[in-house]
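Here is the structure we will look at, set down as structure tokens.
What follows is calculated from the coordinates using simple rules that are stated; it is not laboratory data. Note that the structure is predicted; figures quoted are calculated from it, not measured. Every residue, glycine as well, gets a Cβ built from its backbone with ideal geometry; the counts of neighbours run over all protein chains shown.
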Amino acid sequence: MISIEEHLDRILQAVHQLPPREEELLAGRGCVLAEDVASPVALPGFTNSAMDGYAVRAADVSGATGAAPVTLPVLGDIPAGSTERHTMSAGECWRIMTGAPLPGGADAVVPVELTDRGLEQVRIDAAVTAGRHVRPQGEDVAVGDVVLQAGTLLGPRQVAVLAAVGRDRVRVVPWPRVVVLSTGDELIEPGQTPGFGQVVDSNGLMLTAAVAAVGAPVRRIGRVRDDDQSFRDALADALEGADALVTTGGVSAGAYDTVKAVLSRSGTVQFDQVAMQPGKPQGFGVLADGRVPVFTLPGNPVSALVSFEVFVAPALRQMAGQPAEPPTLEAVAGHDWSSPEGRTQFARVVLRREGADGVDWTADLAGGQGSHVLGGLAAAHALAVIPAEVTQVHAGDQVTCRLLTPLGTVA
């Protein structure tokens, strides 16, 4: 057997970041920026009001109090979206809305709550200083400022600033286009009733959902029969337009393990026994003249998902220019359990908050740990990684957990 580290290192040495390409701004969400973006405009683009109120000269209201208010004539309204240029002189004011351009001659805004809300003239009950409740032009971003650097992951906040500085397209490292291919004579499509000896292709849907959850575009090819020609035909279809291929099933030592039989003859796909539980039988290599990495995962559902999280997801992230390894969380074991000698265990666990402040985490096994047990897998929040040299986990031991679900969803 080889170690997890050996198998993962071989994968990460073989996969490479995809070439950058230009995308529409929203299509770039979730991708890594491949260029520095400098702003051709200032933000805000014009000096504007931060409040609903009255645009004034601060000197005109410097002595205003509730007991000694100042009354000023109102020249009119300036709504948000106004494109007219207004001015005012000493002793005058404009009623102004949040985001509206400040008129020339004004240097402050009195919030409407500090006035009698007058339309033709207004009583002001409090003083304001120059610059109060005003957003100066260029206060946020000056012309030429780099608003985002290459390597930035584009989320909603980054999309907002790109749009604000006038970008409708952006150069990014794209996510790889992934094809998920399920093999097995026993497979039927979801929604059909299994006959004797048949099973629903839950693996194909699970892995397709897992790829989508990572962020990559994905296509599923379901129910490929266990014969060489059917698999070769499906393989040719899968490689068309794909950047990565994930298969499930047919990689062990059985007489009908077609995936292993066909891909072994390619000379570029290697099959190994990896020292892990679950997920020992693994295969990896490159096809299509070294362009498309192929990950051959076991057929048992828990083994397939654990293998995806440990090997495939890091590779897809690396291809997209993102850190390969996910964040982890430290927890303490809530009870005792055993782990196989010489194999890293990925125990499915549920997490619960502990401690007076609720910031400590405890990990309990999520039901049965068999590689076929979908109920426990569905309930799990994380994979507790138990090193190969550990054969017994004791209550209170610290365990490192790889999250399967956002912490915000954990009660």
>> If you take every DSSP beta bridge fully contained in the stretch 221-350, what fraction is antiparallel? Give it as a percent rounded to 5.
In response: 60
> If you take every DSSP beta bridge whose two residues both sit in the chain, what share of them, in percent to the nearest 5, is antiparallel?
Replying inline: 70
>> With unit charges on the beta carbons (Lys and Arg positive, Asp and Glu negative) and the dipole taken about the Cα centre of the chain, which residue among GLN318, ASN300, GLY166 sits farthest to the positive side?
In response: GLY166
>> If I stretch the segment between GLN17 and VAL200 completely, what's the gain in nm (0.36 nm per residue apart, minus their alpha carbon distance), one decimal?
In response: 62.4 nm
>> With +1 assigned to the C-beta of every Lys and Arg and -1 to the C-beta of every Asp and Glu, and no other charges, what is the dipole magnitude of the chain about the Cα centre in debye, to the nearest 20?
In response: 420
> At q = 0.11, 0.13, 0.21 Å⁻¹, what is the log10 ratio I(q)/I(0) for the stretch 48-135, with the Debye formula run over Cα points and no solvent?
Replying inline: -0.22, -0.32, -0.87
> Over all pairs of distinct alpha carbons, what does the Kirkwood formula give as the hydrodynamic radius of the stretch 202-242, in Å?
Replying inline: 11.2
>> Going by average Cβ density within 10 Å per residue, which order do the peptides 271-281, 58-68 take, highest to lowest?
In response: 271-281, 58-68
> Taking square-rooted eigenvalues a ≥ b ≥ c of the alpha carbon gyration tensor, is the stretch 299-377 rounded, prolate or oblate, where a/c under 1.5 means rounded and, failing that, a/b exceeding b/c means prolate?
Replying inline: oblate
> Once you put a point 7 Å from the Cα of SER82 and another 7 Å from the Cα of GLN229, both along the Cβ direction, what distance in nm separates them?
Replying inline: 7.9
> For the stretch 328-409, with the dipole built from +1 on Lys and Arg beta-carbon atoms and -1 on Asp and Glu ones, taken about the Cα centre, which of TRP361, LEU374, THR409 lies farthest toward the positive end?
Replying inline: LEU374
>> Rounded to the nearest 20 debye, what is the charge dipole size of the stretch 328-409 about its Cα centre when +1 sits on each Lys and Arg Cβ and -1 on each Asp and Glu Cβ?
In response: 340
> Counting pairs of alpha carbon atoms under 8 Å apart in space and at least six apart in sequence, what relative contact order in percent does the chain give?
Replying inline: 15
> For the stretch 283-391, what is the percent of antiparallel DSSP beta bridges, rounded to the nearest 5?
Replying inline: 90
>> What does the C-alpha gyration tensor say about the overall shape of the stretch 17-173? Classify as rounded when a/c is under 1.5, otherwise prolate if a/b is larger than b/c, or oblate.
In response: prolate
> If packing is taken as the mean number of other Cβ atoms within 10 Å per residue, what is the order of 286-293, 189-196, highest first?
Replying inline: 286-293, 189-196
>> Shape verdict for the chain, please, from the Cα gyration tensor: rounded (a/c under 1.5), prolate (a/b greater than b/c) or oblate.
In response: prolate
